[in-house]
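Let me begin by presenting the structure, written as structure tokens, before commenting on it.
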Amino acid sequence: MRAVLETEDGSLHMATKYVQAAGGCAAMNAKDADEERKGLGRMQVKAIAPDRAGDPIWTGQVMIKHPNSNGMQLDIDTGGYIPKRYVKAVAVTRDGERVFDLDATFSISTNPNFRFSFANGTNNDLDVTIVDTDGETFEGRTGPKDAQDS
């Protein structure tokens, strides 16, 4: 942190002090990066029917295991930066029609959970494709019981 003070005579004085704070995008990561990547891309996709009969609006939910490292976190063991790797694109379709596309940045949380609304269709199964910054593609789909692990 830096503080700059201007005195009455117009001269500037600066003091610098390191401040350690919990959280934030660049905080040291106390988690084991290798452990965090186990199960990478495991996805759960749900299509949730409305509470009221005849309501045409359904709710969708997509949960994916992904560390979403932004490249600014320091590895607590090595002091080096954890390489960036985050979800950069999400595509959701229902009955072959696009529900939404998301072009993301590193501002998405670890293991993100996306909830959204969509109109009732003939078949309300959702297909999801997620691509991360390493170019890895993860796919998921709702199942007959309304949710499945992919």
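Assorted remarks:
- Probing with 1.4 Å while keeping every protein chain in the model, the per residue accessible area of the stretch 63-135 equals 52 Å².
- Sites listed here are chymotrypsin sites (Phe, Trp or Tyr not before Pro) in the stretch 47-102 whose DSSP assignment is loop and whose Cβ has at most 16 other Cβ atoms within 10 Å, and the list is empty.
- Across every pair of non-identical alpha carbons in the chain, the mean reciprocal distance, once inverted, gives a Kirkwood radius of 18.2 Å.
- Accessible area of Ile76 in the full protein assembly, 1.4 Å probe (Å², nearest 10): 90
- With both labels modelled 7 Å from their Cα along Cα-to-Cβ, the Glu35 to Val131 distance reads 3.3 nm.
- Computed from the C-beta positions of Asp103 and Ile48, the FRET efficiency with R₀ = 25 Å rounds to 0.50.
- Gain on full stretching of the segment that runs from Met1 to Ala119 - 0.36 nm per residue minus C-alpha separation: 37.5 nm
The values are calculated or read from the model by the stated rules, or taken from the named source; none is laboratory data. Since we're looking at a predicted model, the values are computed, not measured. Reconstructed Cβ throughout: ideal geometry from the backbone, glycine too, with neighbour counts over all protein chains shown. Side chains are part of the model used for accessible areas, which takes the heavy atoms of the whole protein and leaves out ligands, DNA and RNA. Shrake-Rupley method; radii C 1.70, N 1.55, O 1.52, S 1.80 Å.
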